[in-house]
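Heads up, the thing below is written out as C-alpha cells.
The values are calculated or read from the model by the stated rules, or taken from the named source; none is laboratory data. Source: prediction; values computed, not measured. Cβ coordinates were reconstructed from backbone atoms using ideal geometry, including for glycine residues, and neighbour counts include every protein chain displayed. Keep in mind that these areas ignore ligands, DNA and RNA; they rest on the heavy atoms of the full protein, side chains included. Shrake-Rupley method; radii C 1.70, N 1.55, O 1.52, S 1.80 Å.
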Amino acid sequence: MLYEQDARSGQRVKTCSAAAWEQAVRPGMPLAEAQTLLVPKHELHPFFVCHDPRRDREALVELAEWCEQFSPLVGLDQADEPDALLMDVGGLAHLFGGQEALAQTVVTACRQQGLTSRVAIADTIGAAWGFARWSEVLANGAPNGPAALAVIPPGEAAVLDCLPIDVLRLPARTTEQLCRLGVRRIGELNRLPRASLADRFGGPLLERLDKLTGAIAEPLVAHHAREPLSVCETFEHPTTHHQAIEYVLGELLIQLSRRLLEQGQGVLRLTCQLVCQNRQPLKIDISLFRPTIAPQHLLALAKLQLALLTLPDAVEEIRIRALATARCEQRQGELFGGAPRDHPAQLALLIERLSNRLGREHVVRAELQAESQAELAYRYRPLAGESAGPQAPALPPPPPPGPLLRPMRLFDPPQPVDVIGIAQNGPPAMFHYQRRRHRVARCFGPERIETGWWRGESSRRDYYRVETDRGDRWWLFRRLQDQRWFLQGEFE
C-alpha cells in the first residue's frame, strides 16, 4: 500500500492492492484508519510504503523505453504525476495478429516482468486512458485485479457515455463542481448546452470533451531515451579540502559542457551531490536564467553555495546531473560592445547569482492571469531554471491619456478600513487608515466586480476610485456580503 504525506490532513492512502480493497481500504483514507481495517491473512502482513513521485516517474520512464518493442511512439501521461503510458499503435496491429492480440501480448509481457497492467485500445488518447482505468470498475467495482483488456471499435462514440467525467482529466475543483451539480458521466455532460458549459466552466472543459471524442486531435508527446546527462568522479582518497573539491567540480563541469555542446543543448538546472563517508549526500542545486554551457560560470555559481556548506565528513565522490536543458542559442557578439542587445549577459548573471544565493523561488516574475478579482489576476513564476514555455497572455493596449483605472500598487491581502459614508450603501466620504483620517474630495464609482458562482465561494464587491483633500488617490471596495470596507491599492 502506498501512502502520501499531506500537509493539511496528515498521512493518507495513495493507492492499495486488491486484497486491501476487499477489506474496505480506499484511496484518500487516513493511514491510521486503513491500518485498523487490515487484518493479516495466511501469514501475509500489510506492507506500507511512502509515495515518492520522483522515483515513480523514473520507473515509468524506464518502462516507456522497454515498451518501445511494441511501438516506436511511446509517451508518458501528461500529468503532474503521470501513472500511465500512451502508445501509438496505428498501422501496427496486423504485425501481432490484430488489436486484441496486440493488447494481450502487452499484458503477457508485463506479467512476465512482474507487473499487473490494464490495457485499452481506442480511437483517441482520452478514450484509451479512460477505458484502461474504468472499464473493469464499471463491470465489477474493483479497482485492481486481473489485467483488463478493452478494445473499442472505431466510431463507437456512444460507449463513451458510460465513462465518469474523471476521464476528461480536468482540475479537481472543476470535477467536484460538476459532481455537485449531478453530472457524473460523459453522457450526462453531453446532454447539457455547450454554450452554458463554456460560460460556467471555461473553454478547457469543452476542449477536453472534444479531445475525448476525437473532434480535436490530441498529440502524443513521445518519450525517447537519451543518454543521461550526468558525470561523476570518485576520489582515490576521500578529502575535506575545498580546493581539491572545487578542482574536481570544475573538471566535471567541463565534461558535462562538452556533452551538452554535442547535443546543441544548454543547462538550465543541474544538481551536484557530494557523497560523504557514512553520511547523507550534500546537495547543491544550480538554476539559470538562460541555457548555458560555460563551465567557469557554472563553477562560480556552485562556489556560491559550496561556501555555505559545512562538510560533515570527507568527500569520497562527486556526482553532477543536468535536470533541465534547452536549446542553446549561439549569437554573434557585437563589434562595439561585449553583449547582445537582447537579454544582456549582465542581467542574466545578476538573476542567476540572486537565484542561487536566495533560492529560485525568491527571484520571480509576475504573470498575468485571466481573473477579474484583483489579487488573483497574477501569479509569480521563477525567473531561473525554467525553459521557455507558452507565451504569457498578450498585454492589453496602453490606456488612453488620463487617470488610470487600476493602481500599480496593490495590497495583498486587502487592508480593512473604517469608512464613513453620506448615505447607506453609498460612496465613501471619509476613511481611517494607518491612524490617519482621509477626507474624500472626489469619488468615481461604483464599479461592481463579481466572480462566477461555479468557482466556489463567490466574491461580490463595489469598487471606488477616490481622491483625498491631500491629493492622494486610493482604490477602495465594499464587500457586499457583509458591507465591510477594504483598501485594495494606491495610485502613484
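The set of residues in segment 68-105 being assigned to a loop (DSSP other than H, G, I, E, B) and under 20 Å from the mean Cα position of the chain (by Cα) consists of Asp77, Gln78, Ala79, Asp80, Glu81, Pro82, Asp83, Ala84. Can you tell me which of (1) touching a Phe, Trp or Tyr at 6+ places or on another chain (Cβ under 7 Å); (2) at pLDDT 85 or above is the one Gln243 doesn't meet? Result: Gln243 passes all but (1). For segment 180-234, a tally of residues being surrounded by 11 or more Cβ atoms within 10 Å (Cβ to Cβ) and at positive phi returns 2.
Under the condition of being of a type outside the set (D, E, K, R), under 19 Å from Leu309 (Cα atoms) and assigned to a helix (DSSP H, G or I), the residues counted in segment 232-252 number 8. Considering only segment 54-67, I want to know if a residue exists there that is at pLDDT 80 or above and assigned to a loop (DSSP other than H, G, I, E, B). There is no residue in segment 54-67 that is at pLDDT 80 or above and assigned to a loop (DSSP other than H, G, I, E, B). Residues of segment 251-266 that are modelled with pLDDT of 90 or more and crowded, with 17+ Cβ neighbours inside 10 Å: Leu252, Leu253, Leu256, Ser257.
Name every residue in segment 36-49 that is assigned to a strand (DSSP E or B) and either of a type in the set (Ser, Thr, Tyr) or open to solvent by less than 70 Å² (accessible area, probe 1.4 Å) (or both), in order of residue number. Steps first, answer last, please.
The initial filter retains those residues of segment 36-49 that are assigned to a strand (DSSP E or B), namely 41, 44, 49.
Residue satisfying the conditions is Val49 alone.
Annotation note: of Ala384, Ala394, Ala388, the sole residue that is open to solvent by less than 50 Å² (accessible area, probe 1.4 Å), of a type outside the set (Val, Ile, Thr) and modelled with pLDDT under 90 is Ala384.
Any idea which of Arg12, Arg57 is farther than 30 Å from Ala217 by Cβ, open to solvent by 30 Å² or more (accessible area, probe 1.4 Å) and among the basic types (Lys, Arg)? Write out each step before concluding.
Details: Arg57 fails: farther than 30 Å from Ala217 by Cβ.
Arg12 is the lone residue from the list that is farther than 30 Å from Ala217 by Cβ, open to solvent by 30 Å² or more (accessible area, probe 1.4 Å) and among the basic types (Lys, Arg).
Per the listing Val267, Val275, the residue uniquely touching a helix residue (DSSP H, G or I) at 6+ places or on another chain (Cβ under 7 Å) and not in a helix (DSSP H, G or I) is Val267. When the residues of segment 203-233 are filtered to those that are more than 30 Å from Leu323 (Cα to Cα) and among the small types (Gly, Ala, Ser), the one that is modelled with the lowest pLDDT is Gly203.
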